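The values are calculated or read from the model by the stated rules, or taken from the named source; none is laboratory data. Since the model is a prediction, treat every value here as computed from it, not as a measurement. Using ideal geometry, Cβ is built from the backbone for each residue, glycine included, and neighbour counts are taken over all protein chains shown. All accessible areas refer to the heavy atoms of the entire protein, side chains included, with ligands and DNA or RNA removed. Shrake-Rupley method; radii C 1.70, N 1.55, O 1.52, S 1.80 Å.
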Amino acid sequence: EMFKRSSKCIIQSNSNMRRDTIKGIITSSMAFPSLILLGSSSSVASAAMYDNAAVADYQAVTLPSGVSYQDLRLGDGDVVSEGKRVNIQWSLKRSNGYSIDSSSNNDSVPFIFIVGAKKGQRAIAGLDEGIRGMRVGGIRRIIMPPILTYVEGLDDGKPGPIPPGFGPKQRIKRVIELRMDVPDESFLLDIKATRVQ
């Protein structure tokens, strides 16, 4: 019985150490976003999204809904606004840095949607809010609480971007079903606007 108690303490201690380490990684990734790229297990193709991206000197912006974003690189093209059709390359992660999926894992097919659309080609609420004001060519990290992400449509593909694979969808479902109310849980979506019409 003493062995059971001591092993339970060790397991709890290790769990707390992992949680603190992950929080440190996330905190440093906001200050130095290139660390996420260098430390990730993403393919070399996903690095193309970050080409020539300097370390961000831009302040994070928090919206009233709880969505926050930080520009990693400013674009110089057209501005994303309500009613515009937008093409993006994307990389989705959990708040602990765990990569879920990205457009580069899916033949770099962009996600295309209309900003502010209520049906049809629409985006998850957090992305729809966080992309506004961005310029083509820019890269932005959007941090979204689970309630503004995949609360609907995960199985039918709308709103997106929704990973096509079974595994990534299951990772998202686990967060939505089991960790929705956890205060520090969120989704990180790195996006690059490639076209606005």
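Within segment 55-68, the set of residues being part of a strand (DSSP E or B), within 19 Å of VAL115 (Cβ to Cβ) and open to solvent by 40 Å² or more (accessible area, probe 1.4 Å) comprises VAL61 only. The lone criterion from (1) surrounded by 20 or more Cβ atoms within 10 Å (Cβ to Cβ); (2) without any contact (Cβ under 8 Å) to a residue 60 or more places away in the chain; (3) assigned to a helix (DSSP H, G or I); (4) of a type outside the set (A, V, I, L, M, F, W, C) left unmet by GLY126 is number (2).
Is it the case, given these coordinates, that THR194 is touching a Phe, Trp or Tyr at 6+ places or on another chain (Cβ under 8 Å) and among the hydroxyl-bearing types (Ser, Thr, Tyr)? It would help to see each step written out before you state the result.
On the way: touching a Phe, Trp or Tyr at 6+ places or on another chain (Cβ under 8 Å): no; among the hydroxyl-bearing types (Ser, Thr, Tyr): yes.
No: the conditions fail for THR194.
Consider segment 158-195 and keep the residues that are assigned to a loop (DSSP other than H, G, I, E, B), of a type outside the set (A, V, I, L, M) and farther than 20 Å from ILE131 by Cα. The one that is least open to solvent (accessible area, probe 1.4 Å) is GLU185.
Pairs only if they're at least six apart or on different chains, beta carbon under 6 angstrom, first in segment 174-197 and within 18 Å of ASP71 (Cβ to Cβ) and polar (S, T, N, Q), second open to solvent by 40 Å² or more (accessible area, probe 1.4 Å) and in a helix (DSSP H, G or I); list them, first residue then second. Here the result reads none, with nothing in segment 174-197 linked to a residue that is open to solvent by 40 Å² or more (accessible area, probe 1.4 Å) and in a helix (DSSP H, G or I).
Among the residues that make up segment 96-103, is at least one of them out of contact with any helix residue (DSSP H, G or I) (no Cβ under 6 Å at 6 or more places or on another chain) and more than 12 Å from ILE191 (Cα to Cα)? Checked against the condition, which is being out of contact with any helix residue (DSSP H, G or I) (no Cβ under 6 Å at 6 or more places or on another chain) and more than 12 Å from ILE191 (Cα to Cα), segment 96-103 yields at least one hit.
Scanning segment 70-120 for residues that are among the aliphatic types (A, V, I, L, M), in a loop (DSSP other than H, G, I, E, B), touching a residue at least 60 places away in the same chain (Cβ under 8 Å) and within 29 Å of MET180 (Cβ to Cβ) gives a single hit, VAL80. Every condition in (1) of a type outside the set (A, V, I, L, M); (2) farther than 20 Å from LYS173 by Cα; (3) within 13 Å of the chain's Cα centre (by Cα) holds for GLY83 except the one numbered (3). Please work out if ILE142 is surrounded by 16 or more Cβ atoms within 10 Å (Cβ to Cβ) and either of a type outside the set (Gly, Ala, Ser) or closer than 17 Å to TYR69 by Cα (or both). Yes: the conditions hold for ILE142.
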